[in-house]
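Here is the structure we will look at.
A short reminder: the numbers here are calculations on the coordinates, not readings from a lab. Keep in mind that this is a model prediction, so the values were computed, not measured. Virtual Cβ from ideal backbone geometry, glycine too; neighbours counted across all protein chains shown.
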Amino acid sequence: MIAEKPRLTRTIQIVLAWAVGVVGTVTTAISLIPSVAVIASVSGVSSLGFAAPLLVVSMMYLSVPILIALAIANTGRRWRLWLTIAIAVIVLLLVARFAVGSLGVYWISF
């Protein structure tokens, strides 16, 4: 009976990590769709200097929920690594927000 309790806790932790990862990534992707559509509509070689950084920033936005989910899922010492990387990406996005905007992402446009 005692051995089942940590297993149940671990299962709940994994389910919570999946929920945070999937829901966070899907909702972030949905809020990025209009911005990415505008980026994709710009054509020409001269517009690559505009489109490439914005696509990198879009990928950074999508990575935050995944990194937080990895921090939730890890029970050892690595959860601090994933959380630190997620915080660093959020700080970079907050700094870059003044240059590229929030791209319509709901959790950073406060």
With labels modelled as points extended 7 Å from the Cα through the Cβ direction, what inter-label distance (nm, one decimal) is found for Ser43 paired with Met59?
2.4
Comparing Thr84, Thr25, Thr11 in a Gaussian network model of the chain (Cα, 10 Å), the one with the largest mean-square fluctuation is Thr11
Specify the angular offset, from 0 to 90 degrees and rounded to the nearest 10, of the alpha carbon long axis of helix 4-41 from the longest principal axis of the alpha carbons in the chain.
10
Okay, helix-only estimate at 222 nm for the chain: each DSSP H run of n ≥ 4 adds -39500 (n - 2.57), divide by all residues, round to 500 deg cm²/dmol; what do you get?
-28500 deg cm²/dmol
Got the relative contact order for segment 4-100 handy, in percent, Cα pairs under 8 Å and 6 or more residues apart?
33
Most mobile of Ala99, Ala86, Ala69 per a Gaussian network model of the chain (Cα springs, under 10 Å)?
Ala99
Calculated from the structure, P(r) over Cα pairs in 5 Å bins from 0, in percent equals which of (1) 2, 12, 18, 19, 16, 11, 8, 5, 4, 2, 1, 1, 0, 0; (2) 2, 12, 20, 24, 19, 13, 7, 2, 0, 0; (3) 2, 7, 5, 7, 6, 6, 6, 5, 5, 5, 5, 5, 5, 5, 4, 5, 5, 3, 2, 2, 2, 1, 1, 1, 1, 0?
(1)
Treat each spin label as a single point 7 Å out from the Cα along the C-beta direction, and report the Trp18 to Ala88 distance in nm.
3.0
Among Ile68, Ile12, Ile90, which one shows the biggest mean-square fluctuation in a GNM of the chain, springs joining Cα atoms closer than 10 Å?
Ile12
Under the 7 Å Cα-to-Cβ spin-label approximation, Thr11 and Ala52 lie apart by a distance in nanometres of 4.9
Report the paramagnetic label zone for Ile33: residues of segment 82-110 whose backbone N is under 17 Å from a point 7 Å from Cα along the Cα-to-Cβ axis.
103-107
